[in-house]
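Only one structure is covered here, and it is reproduced in the block below.
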Amino acid sequence: MQNLKAFYHKYYYISPLDLADSAETNRLHIYYLSILFFFFGFLDLLALFIMYRKNLSSHIVSLLYFAICTVINLLAFILSKKFKDVEREKAYYLKNIPFYLVFFWGLMAGTYNFYVLGQPFNGMLTFLITESIAMAAFSLPPAVYFLTLLAGLTPMLPGIYKNFHITGTMDAIFIALVFFCLSLYKRSTEKKYIMLLKKQKQNLEVKTFGNFTILYNGKVIKFSRSKSTELLAYLIYKNGSSVQTKELINVLYGEYADSARYGASIRNLISDIRHTVSELEIQNFFIVEYNNFRINPEIVHCDYYDFLSGDKNAVKKFNGEFMNQFSWAEDVTAFLQQKILFKF
């Protein structure tokens, strides 16, 4: 057992802090998927009420099924918003809660369809769709994925054997093994990629004490547009949390700036940053997903992040100045001074 544990740790284990950025991607994916699933459950619930309003008692099982679907996805949506700006040390655990909530609901829905609704084929299909979406769109440990396979498939095995006989049972087990092997391959690929990004961290540095400066291989990175630097500085300050266009417009152009007018400006700034970062071959630093923008703090050396982690050298270097060229950074300066005052 110890050898197996050591083998898993060597090839597939990634620390929670290194997975904080993946957790943010998981959060964003479930944020939008939960909206889709919520309306799916709600509209089906509404259709049942309309179609069977005179005899609802005979369809109570279906009503309960779609009601649970609606409530769970609404809860996942609320939690995915709530956990947007959590500390990075807690990000991996908290930001994945909405995902696991919907994931396990999908697995239980397969069993529910199989036995309660008496739809074996639909039950197996629900199980396979749930596992496929989890595999394709989310990052999760192979050990956890294996447990979900057991949790979803084991209750259905007696029914699978009864309805699809031995060949169907063997096919189901084979598919589960294939899914698990794919999860191992995916995680090993993720680990190799993270190790490469960590090497990049040695060359990518951000200085925030005093004026904001970003350097790569010892040279200052310059953008075509002056506001691009400020946009990137704000994302650095957000420490990996996603920021939408409206918030960026408020920060860069004022609280009452017209979104329609300045939306194009933001898109130009985003394009400028992406182009510059791409030319320097800096990977997975500036991330754009669903009109959400963020940086990955795990692949950049930054005095501000060292300060937040309690690094004594970073604390000593802080001289009461933080991104001096930006007015919105004044409140952050006060926050950092307060942390020193109360000794973290």
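The values are calculated or read from the model by the stated rules, or taken from the named source; none is laboratory data. Computed from a predicted model, the values in this text were never measured in an experiment. Here the Cβ is made from the backbone with ideal geometry for all residues, glycine too, and neighbour counts use every protein chain on show. Keep in mind that these areas ignore ligands, DNA and RNA; they rest on the heavy atoms of the full protein, side chains included. Shrake-Rupley method; radii C 1.70, N 1.55, O 1.52, S 1.80 Å.
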query = Does Ile270 satisfy being in contact with a helix residue (DSSP H, G or I) (Cβ under 9 Å, 6 or more places away or on another chain), within 21 Å of Leu28 (Cβ to Cβ) and not in a strand (DSSP E or B)?
reply = yes
inquiry  = What are the pairs with Cβ atoms under 9 angstrom where one residue, in region 257-274, is without any contact (Cβ under 8 Å) to a residue 24 or more places away in the chain and the other, located anywhere, is of a type in the set (Phe, Trp, Tyr) and part of a helix (DSSP H, G or I)? Sequence gap at least six, or different chains.
reply    = Arg261/Tyr253; Tyr262/Tyr253
request  = Go through the residues of region 290-300 one by one and say whether even a single one is farther than 14 Å from Tyr216 by Cβ, in contact (Cβ under 8 Å) with a residue 60 or more places away in the chain and open to solvent by 80 Å² or more (accessible area, probe 1.4 Å).
outcome  = yes
Which numbered condition Ser15 fails, given (1) without any contact (Cβ under 8 Å) to a residue 12 or more places away in the chain; (2) of a type in the set (Ser, Thr, Tyr); (3) open to solvent by 70 Å² or more (accessible area, probe 1.4 Å) = (3)
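Only one of these is modelled with pLDDT under 95 and open to solvent by 30 Å² or more (accessible area, probe 1.4 Å): Leu107, Leu147. Name it.
Sole residue among the options that is modelled with pLDDT under 95 and open to solvent by 30 Å² or more (accessible area, probe 1.4 Å): Leu147.
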ask   = Can you spot a residue in region 220-235 that is among the aromatic types (Phe, Trp, Tyr) and more than 18 Å from Asp21 (Cα to Cα)?
value = yes
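Count, please, the residues in region 308-344 that happen to be assigned to a helix (DSSP H, G or I), closer than 28 Å to Leu248 by Cβ and in contact (Cβ under 8 Å) with a residue 60 or more places away in the chain. Break it down into steps so the answer makes sense when it comes.
Within region 308-344, the subset assigned to a helix (DSSP H, G or I) is 308, 312-317, 327-341.
Imposing the further condition that a residue be closer than 28 Å to Leu248 by Cβ reduces the set to 308, 314, 327-339.
Right, trim to in contact (Cβ under 8 Å) with a residue 60 or more places away in the chain and you get 308, 328-329, 332.
Total meeting the criteria: 4.
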